[in-house]
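Only one structure is covered here, and it is reproduced in the block below.
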Amino acid sequence: MTDNITWFHGIQVMPGSFTVESLSFAQNFLVKDDDVFLVTYPRSVHMTLDPDTAHDRLIISDDLMSVYCSSKRQDRKECAERFQVSTCVLGSSRFTSGRHYWELVVGRSKEWDVGVCKDSVNRQEPINLTEEHGFWTVGVRGGEVYAACTEPLTVLIVNPRLHRVGIFLDLVRKSISFWDLSDGSHIFTFFNISDTDPLRPFFAPANSYPDDPKEALAICPVLNPGIFRRPANPEQGK
């Protein structure tokens with residue numbers, strides 16, 4: 001990676017390559033440097049939680065931006081789209097092409113799973129968080145064990161101060177990447193994800209710690225674009 005890099009509000013910028021205006025308004029693109037992956041998000045995903053998909057034990061904020069688990073069922077209308085067994089909810093967006101980015105606050109929650117799933121996943125039975133069943137997620141248990149939902153699980157080394165997560169879905173390259181926004185570090189990337197069905201943002205807050213708003217997951221505004229190292233695809237070069 002080149003040393004010829006400066007910083008602008010915590011964002012690495014290649015001198016002479018980009019102006020502040022280009023960082024603010026350019027479409028997603030790649031830097032020519034092989035070791036650096038630049039993604040700008042002028043049109044980051046503007047979405048809310050979809051209450052028609054939310055399990056009845058989930059408490060969703062009035063602005064549809066945050067969710068946590070309750071010990072009691074909520075009085076909601078019957079919907080075929082609703083998760084009947086697993087305490088999770090989908091985002092309002094459906095993705096079929098292009099590149100998309102969103103951020104969420106996990107705060108001090110000790111248990112969560114976030115990512116994307118196929119819009120067609122079975123919502124009437126307990127979900128199985130695996131790629132085979134149409135889920136591409138990372139999560140934590142007990143506030144200590146982080147893992148990606150590969151088969152078998154991939155245990156992740158994550159900063160214990162993780163507070164805010166960036167998710168970059170790239171349907172051009174068929175990948176989804178997760179980033180720790182406290183330090184810009186890469187958490188995990190799934191490659192060769194399915195694009196046969198629309199994909200939906202997926203949120204599963206802690207159900208082992210009900211009635212605690214501190215366990216909430218919250219969609220939040222994107223603060224800045226950023227430069228990250230390009231995730232290595234283990235399938236390349238085979």
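Within region 221-236, identify whether any single residue is at pLDDT 90 or above, of a type outside the set (A, V, I, L, M, F, W, C) and over 15 Å from His100 (Cα atoms), and answer yes or no. Write out each step before concluding.
Residues of region 221-236 that are at pLDDT 90 or above, as a first pass: none.
No, region 221-236 has no match at all.
Within region 87-118, can you find the residues that are outside any strand (DSSP E or B), hydroxyl-bearing (Ser, Thr, Tyr) and surrounded by 17 or more Cβ atoms within 10 Å (Cβ to Cβ)? Outline the logic, then answer.
Initial filter on region 87-118 (outside any strand (DSSP E or B)): 87-88, 92-94, 96-98, 106-111.
Imposing the further condition that a residue be hydroxyl-bearing (Ser, Thr, Tyr) reduces the set to 87, 92-93, 96-97, 109.
Answer for region 87-118, where residues must be outside any strand (DSSP E or B), hydroxyl-bearing (Ser, Thr, Tyr) and surrounded by 17 or more Cβ atoms within 10 Å (Cβ to Cβ): Thr87, Ser92, Ser93, Ser109.
Among the residues of region 58-69 satisfying the criterion of being in a loop (DSSP other than H, G, I, E, B) and surrounded by 17 or more Cβ atoms within 10 Å (Cβ to Cβ), which is nearest to the chain's Cα centre (by Cα)?
Met65
Taking the stated definitions as given, is Pro198 over 14 Å from the mean Cα position of the chain (by Cα) and modelled with pLDDT of 95 or more?
Values: over 14 Å from the mean Cα position of the chain (by Cα): yes; modelled with pLDDT of 95 or more: yes.
For Pro198, the condition - over 14 Å from the mean Cα position of the chain (by Cα) and modelled with pLDDT of 95 or more - is met.
Taking Ile157, is it exposed (fewer than 13 other Cβ atoms within 10 Å of the Cβ) and out of contact with any Phe, Trp or Tyr (no Cβ under 6 Å at 6 or more places or on another chain)? Steps first, answer last, please.
On the way: exposed (fewer than 13 other Cβ atoms within 10 Å of the Cβ): yes; out of contact with any Phe, Trp or Tyr (no Cβ under 6 Å at 6 or more places or on another chain): yes.
Criteria met by Ile157.
Among the residues of region 108-124, which ones are within 13 Å of Asp197 (Cα to Cα) and hydrophobic (A, V, I, L, M, F, W, C)?
Val116, Cys117, Val121
Does Phe178 satisfy the criteria of being within 24 Å of Tyr68 (Cβ to Cβ), within 14 Å of the chain's Cα centre (by Cα) and modelled with pLDDT of 95 or more? Can you show your working first?
Working: within 24 Å of Tyr68 (Cβ to Cβ): yes; within 14 Å of the chain's Cα centre (by Cα): yes; modelled with pLDDT of 95 or more: yes.
Yes: the conditions hold for Phe178.
On the basis of being in contact with a Ser or Thr (Cβ under 6 Å, 6 or more places away or on another chain) and under 23 Å from His46 (Cβ atoms), does Gly166 make the cut?
Working: in contact with a Ser or Thr (Cβ under 6 Å, 6 or more places away or on another chain): no; under 23 Å from His46 (Cβ atoms): yes.
No; evaluated as a whole, the condition is false for this residue.
Need pairs with beta-carbon distance below 6 Å; first residue touching a residue at least 40 places away in the same chain (Cβ under 8 Å) and within region 172-198, second part of a loop (DSSP other than H, G, I, E, B) and of a type in the set (S, T, N, Q); sequence gap 6+ or separate chains.
Phe191/Asn233; Asp197/Ser120; Pro198/Thr96
Do we find a residue being over 14 Å from the mean Cα position of the chain (by Cα), touching a residue at least 40 places away in the same chain (Cβ under 8 Å) and not in a helix (DSSP H, G or I) anywhere in region 45-54? Steps first, please.
So the first thing to find is which residues in region 45-54 are over 14 Å from the mean Cα position of the chain (by Cα), and the list is 50-54.
Then keep just the ones that are touching a residue at least 40 places away in the same chain (Cβ under 8 Å); that gives 50, 53.
Filter again for not in a helix (DSSP H, G or I), leaving 50.
Checking region 45-54: at least one residue is over 14 Å from the mean Cα position of the chain (by Cα), touching a residue at least 40 places away in the same chain (Cβ under 8 Å) and not in a helix (DSSP H, G or I).
The values are calculated or read from the model by the stated rules, or taken from the named source; none is laboratory data. Bear in mind the structure is a predicted one, so any value in this text is a computation, not a measurement. Please note: Cβ atoms are built from the backbone with ideal geometry, for glycine as well, and neighbour counts cover all protein chains shown.
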